[in-house]
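Structure record follows, encoded as structure tokens.
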Amino acid sequence: MFDVVIVGAGVIGGMLARQLSKYDLKICLLEKENDVAMGASKANSGIVHGGYDPEPGTLKAKLNAEGVQKLYDVADEIHAPYRKNGSFVCAFGTPEEEATVRELYERGLENGIPGLEILTGDEARVLEPALSPAASLVLNVTNAGIVCPYEMTVAAIGNAMDNGTELKVNFAVSDIKKEQDVFVVTSAGGEVVKGRYVVNCAGGYSDRVAAMVGDDFFKIIPRAGEYMLLDKNEGSRVSHTIFQVPSKDGKGILVSPTVDGNLLTGPTATVVESPEATSTTPAGLDAVARLAAKSVPSVNFRQVITSFSGVRASEKSGDFIICPAKSVENMIHVAAIDSPGLTCCVSIADYVIDLLREAGLAMAPRADWCPTRENPHAFREMSDEEKDAYIKEHPAYGKIVCRCETVSEGEIRDAIRRNPPACDIDGVKRRTRSGMGRCQGGFCMPYVMRLISEERGVAMESVTKNGKGSTPLIGKL
Amino acid sequence: MREHDIVVVGGGPAGLAAAIAAYDSGVTDVVVLDRESSVGGILRQCIHNGFGLHKLGRELTGPEYADVYRCEVEKRGIRVYCETTVTGVTADRVVTAQNKEGVLKIKAGAVVLAMGCRERSRGALNISGTRPAGVYSAGTAQKFINCEGYMVGKKVVILGSGDIGLIMARRMTFEGAKVEAVCELMPYSGGLTRNIVQCLEDFGIPLYLSTTVAEIHGKERVEGVTIAQVDENRRVIEETKRYIPCDTLLLSCGLIPENELTRGAGIPIDPITSGALVDENRQTEIPGIFACGNVLQVHDLVDYVSDEAEMAGIGAASFVKNGAVSGKTVETKPGNGVRYVLPQRVHTESGKDVSLFLRVTQPFPKVRFTVKSGDVVLATAQRLKAAPGEMEKITVKSEKLQGAQEPITVSLEVL
Ligand SMILES: Cc1cc2nc3c(=O)[nH]c(=O)nc-3n(C[C@H](O)[C@H](O)[C@H](O)COP(=O)(O)OP(=O)(O)OC[C@H]3O[C@@H](n4cnc5c(N)ncnc54)[C@H](O)[C@@H]3O)c2cc1C
Ligand SMILES: Cc1cc2nc3c(=O)[nH]c(=O)nc-3n(C[C@H](O)[C@H](O)[C@H](O)COP(=O)(O)OP(=O)(O)OC[C@H]3O[C@@H](n4cnc5c(N)ncnc54)[C@H](O)[C@@H]3O)c2cc1C
């Protein structure tokens, strides 16, 4: 019997588990996929939004304003990579766009966002020489930053698990019943988990999970965003995240460095049929290239190394929906967490903890709680001398498996052993970057598969790309 | 820091041939570093035959060809360090490498870069659709089948008619898979004619020219692809879209020289070859650093890789013994119908003949190549046909080179 059962191991469910693990509670995190961070939390812009954008007075505005610093603080504790690179929101010469820049500035002040200033195009180009000559007025958002969204999720869940949280993957919640004061949560495979409180963090499926207890007061509208990621050769094209002012056609396409040194361009915004409609389309990718060039004309799209799409869990109100369930007690919905949900993951978690407390969950702080997680990138951050000494003790770190990103066998074995354990090729990739570089796994895939097979004691043919039937190999010759 | 006269980065056919040539030129303190567990490079997975006809006068498989060179290396006592990955090379020739014993730094008298190339990935091709298992670059599939003993799929579509794709079409067929189609974006194949005949036609595998894969379908594993014809601008013609069910998509859409180390050393790169700019000794623009094999330009025949590597090995040995070659240099430039010329710079007063290697821009019938300096013709050569898939070689005599002016151009005319 758990005190709290969390449905969905994205950055929201994951960070909630981490923040709750401070208390003397038995926590269980349920995820339908083979790994954590398989929904919106693995495919988004990875921007720490400054907070100038949400309508004043909304939950989004409040949690965004609170969330930025909280996110940086937690990222330091759990060693999730981030960089406070600042962002630019640009108008391109029209009076309407320039008026929007001024409006966003005012709105930011009202939301209590520090460090905002308005720059002329020329002032902005001094800081960012690749910015288009057409950029005429720019909102400089100095508190904004970039994070790696899936590493943030992995780190939060790893830290929660190190503190005792139980993670169950391949557990697709299909039914939730309340028997007296206990929730009986059943998976599609017939497995049962019981808990006193349930928190619905099911992202694109949060409306379906709500419906399991009879709540139907919100409906998720899945909206896809397509991206192209470019080689590290292009990664220093800009240092800030470059946004275009939002217009009636959407929020515009951004051009941003990533924490790993690549260049990211996107996203589009298209309503799709399901939260899993993550196909990329020729029209979408064309639009990304065309519109990115408006902000930064020099981006070289011949350097694209991969493209992907993520689906936002939007709702018609436009605000986050974070509230107790209406049809049962002791369940909280955390729904419609579209952008800036990543930015707000810590402030959302703390807000949910307050709701749980109000609902009667007793929370005694733990004396033995450990706020930090081991740095998974300690090896790659060492100097040559330190590496030399470390390899002499641990030879597996001397063998490089992924040549593009220089990832060693030791780091890959760690990712398979450490919480939350990587169980498939994509899981290793998200934790170590093996296969994320310019050859996209062409060279290292056989080796990575062998390490997974060895560490997890499964046959090569059973190793998957990302769970279920995604096996690259069909059998022995 | 350790010191060696010559450090060769990469122990594929290029690296091995360079090491042997350097040794035979009198510099015996040569080491070869390779990140794999044995030398031979890509040849280790090319178990088909067709190697060595030009260079060794016999037809060998890839591993056999590599073995010839491995034995020569061993005979000379040249030290080879396997499972040793080079992570950095500096302009002043400090090579940093990593293996299970630690991080080693070597100060080299000369460096030969021979890191080979990688395949263009799905992402780089920007094919839209889902991202299931079953999308492979052809070389990765080849490695699984030939080196690891695993089968990758049953019903296959291949995008790209480069040699690796053609060879894999036959290999997959041998292992019982059905190859539904080979699609080629261009109106002609980039592979060798002999491979089109022996790997596709002999097995009745259709080759669709001016055709691409427009979309990938399938959630967990590939379930099918949409193929479509393209117009002159290589844009998909919507009405020609057609779905082919399959569980595997192999990509054979070109190779990209692996020049990360080269860039890291600050060596200028030719935007067309994607390899370093070199002179006729295969020295890069940084004295004492040489490059050869697929890291310099993508070759179709390993025999030419070995030839090129010998030039680099000899060049490196000469640098160690005598320092940089002095004397006037002249740039080479591609002219009409020619995509690139390598070397990009030649010494004109060295008293040696120089071979120019080049590729044409598109298939041509009977052509004449002319090498010119201003209005002076330095060499000509005729071919019954020319295609981008087959590298051309034209030799300029030393006496013609003397006094040549900037630039030396190579162009072709259709006869
Ligand atoms: C294109 C795009 C761009 C974005 N850009 C930004 C940005 O720059 N900055 C920012 O702050 N935010 C951004 N966001 C928003 C941010 O990504 C999301 O707010 C955040 O990832 C939401 O996390 P989540 O945990 O709620 O959802 P998810 O990550 O989708 O997690 C939900 C999880 O629940 C699981 N699940 C669903 N149903 C069940 C079930 N029945 N049983 C068990 N498990 C289940 C899913 O598999 C999934 O793992 C962006 C989003 C998108 C899509
Ligand atoms: C599928 C396929 C089929 C082919 N078929 C034919 C054919 O039928 N006939 C023919 O003549 N030719 C054929 N070729 C071409 C021939 O194999 C290549 O031209 C040749 O292998 C290139 O030699 P190389 O030494 O330049 O590169 P590679 O063979 O790629 O060797 C490069 C070596 O460098 C090592 N290396 C790279 N980076 C580092 C680093 N940082 N540190 C340490 N080591 C490093 C690699 O491990 C590798 O061993 C084929 C090639 C392929 C891929």
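The values are calculated or read from the model by the stated rules, or taken from the named source; none is laboratory data. Just so it is clear, the structure is predicted and the values come from calculations on it, not from any experiment. Note that each Cβ is placed from the backbone with ideal geometry, even for glycine, and that neighbours are counted across all protein chains shown. Areas reflect the complete protein model, heavy atoms only, side chains present, ligands, DNA and RNA absent. Shrake-Rupley method; radii C 1.70, N 1.55, O 1.52, S 1.80 Å.
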How large is ³J(HN,Hα) for each residue in the stretch B:63-73, as worked out from phi by the Karplus curve 6.51 cos²θ - 1.76 cosθ + 1.60 (θ = phi - 60°), to whole Hz, x for Gly and Pro?
x, 5, 4, 4, 5, 4, 6, 4, 5, 5, 5
For B:E36, placing the label point 7 angstrom along Cα-to-beta-carbon and taking the stretch B:282-300, residues whose amide nitrogen sits under 15 Å are B:294-295
GNM result for chain B, Cα springs below 10 Å: residue of B:S189, B:S398, B:S121 fluctuating most strongly:
B:S398
Sorted largest first, the C-alpha extents of chain A along its principal axes in whole angstrom are 61, 56, 44
Counting only protein heavy atoms, probe 1.4 Å: which residues of the stretch B:138-156 lose 50 Å² or more of accessible surface in the full assembly compared with their chain by itself?
B:T140, B:F144, B:E148, B:Y150, B:M151
Under a straight-distance cross-link criterion of Cα-Cα below 26 Å, which lysines are reachable from B:K241, leaving out those fewer than 8 residues away in the same chain?
B:K154, B:K155, B:K178, B:K219
Let me make sure I get this right: for the protein assembly as shown, a, b and c are the square roots of the gyration tensor eigenvalues over alpha carbons, sorted descending. Under 1.5 in a/c it's rounded, otherwise prolate if a/b > b/c, else oblate. Which is it?
prolate
At R0 = 45 Å, FRET efficiency that the Cβ-Cβ distance of B:T28 and A:D286 yields, to 0.05:
0.20
Distance in Å, no decimals, from the C-alpha centre of the stretch B:64-79 to the one of the stretch B:357-412 is 35 Å
Return the single residue from B:G88, B:G102, B:G11 with maximal mean-square fluctuation; model: Gaussian network over chain B, springs between Cα atoms under 10 Å.
B:G102
With at most 11 neighbouring Cβ atoms within 10 Å, loop trypsin sites (Lys or Arg not before Pro) (DSSP) excluded, longest segment of chain A:
A:1-247
From largest accessible area down, sort A:E191, B:E3, B:E223, A:E461; use a 1.4 Å probe on the protein chains.
B:E3, B:E223, A:E191, A:E461
For the pair B:R79 and B:F203, what calculated FRET efficiency results from E = 1/(1 + (r/R0)^6), where r is the Cβ-Cβ distance and R0 = 45 Å, to the nearest 0.05?
0.50
Probe radius 1.4 Å, ligands and nucleic acids ignored: give me the carbon and sulfur share of the accessible area of the stretch B:6-65 as a rounded percent.
49 percent
Nearby lysines by direct alpha-carbon distance to A:K387 (threshold 26 angstrom, same-chain neighbours under 8 apart not counted)
A:K232, A:K399, A:K429, B:K100, B:K105, B:K107
Could you pull out the GluC sites (Glu not before Pro) across the stretch A:212-282 that fall in loop regions by DSSP (anything but H, G, I, E, B) with no more than 14 other Cβ atoms inside 10 Å?
A:E273
Karplus-derived 3J(HN,Hα) from phi for the stretch B:107-121 (6.51 cos²θ - 1.76 cosθ + 1.60, θ = phi - 60°), whole Hz, x at Gly and Pro, runs 8, 10, x, 8, 10, 10, 8, 8, 7, x, 9, 10, 8, 5, 8
Sites excluded, trypsin sites (Lys or Arg not before Pro) in DSSP loops with at most 15 other C-beta within 10 Å, longest stretch of chain B:
B:242-327
Built amide H within the under 5 Å cut-off of B:E119, gap 5+:
B:I256
Env charge @ A:F217, Cβ radius under 15 Å, K,R +1 / D,E -1, value -1
Determine the distance separating the Cα centre of the stretch B:105-174 from the Cα centre of the stretch A:458-472; give it in Å without decimals.
19 Å
Nearest 0.05, what FRET efficiency do B:D353 and B:K321 give at R0 = 25 Å with Cβ-Cβ as r?
0.70
How large is the accessible surface of A:H394 in square angstrom, using a 1.4 angstrom probe and rounding to the nearest 10?
70 Å²
Inter-label distance for A:A293 and A:E393, nm, one decimal - labels placed 7 Å from Cα along Cα-to-Cβ
5.3 nm
Quick one: with all protein chains in place, what share of the accessible area of the stretch A:344-477 is carbon or sulfur, to the nearest percent (1.4 Å probe)?
49 percent
Per DSSP, the loop-located GluC sites (Glu not before Pro) within the stretch B:173-212 having at most 16 other beta carbons within 10 Å are B:E175
Using only the heavy atoms of the protein chains and a 1.4 Å probe, how would A:L104, A:L25 rank by accessible area, largest first?
A:L25, A:L104
Top to bottom by accessible area (1.4 Å), largest first, where do A:F217, B:F357 land?
A:F217, B:F357
Residues of type lysines that A:K26 reaches as a straight line, Cα spacing below 28 Å, ignoring anything fewer than 8 places off in the same chain:
A:K42, A:K70, A:K168, A:K177, A:K178, A:K194, A:K326
Please report the antiparallel percentage of the DSSP beta bridges confined to the stretch B:121-253, to the nearest 5.
40 percent
Based on the inverse mean of 1/r over its pairs of different Cα atoms, what is the Kirkwood hydrodynamic radius of the stretch A:384-462, in Å?
12.6 Å
In sequence order, calculated HN-Hα J values of the stretch A:357-374 (Karplus, 6.51, -1.76, 1.60; Hz; x Gly/Pro)
5, 4, 7, x, 6, 7, 10, 9, x, 8, 6, 9, 5, 10, x, 9, 10, 4
Accessible-area composition of the stretch B:121-253, carbon plus sulfur, in percent [1.4 Å probe]
50 percent
With a 1.4 Å probe and ligands and nucleic acids left out, the total accessible area lost when A pairs with B, in Å² to the nearest 100, equals 4200 Å²
In whole angstrom, note down how far apart the Cα centers of the stretch A:164-185 and the stretch A:360-436 are.
30 Å
Relative to the present Cα-Cα distance, how much length would full extension add between A:E103 and A:A378 at 0.36 nm per residue of separation?
94.7 nm
Average accessible surface area per residue within the protein assembly as shown, 1.4 Å rolling probe, Å²:
38 Å²
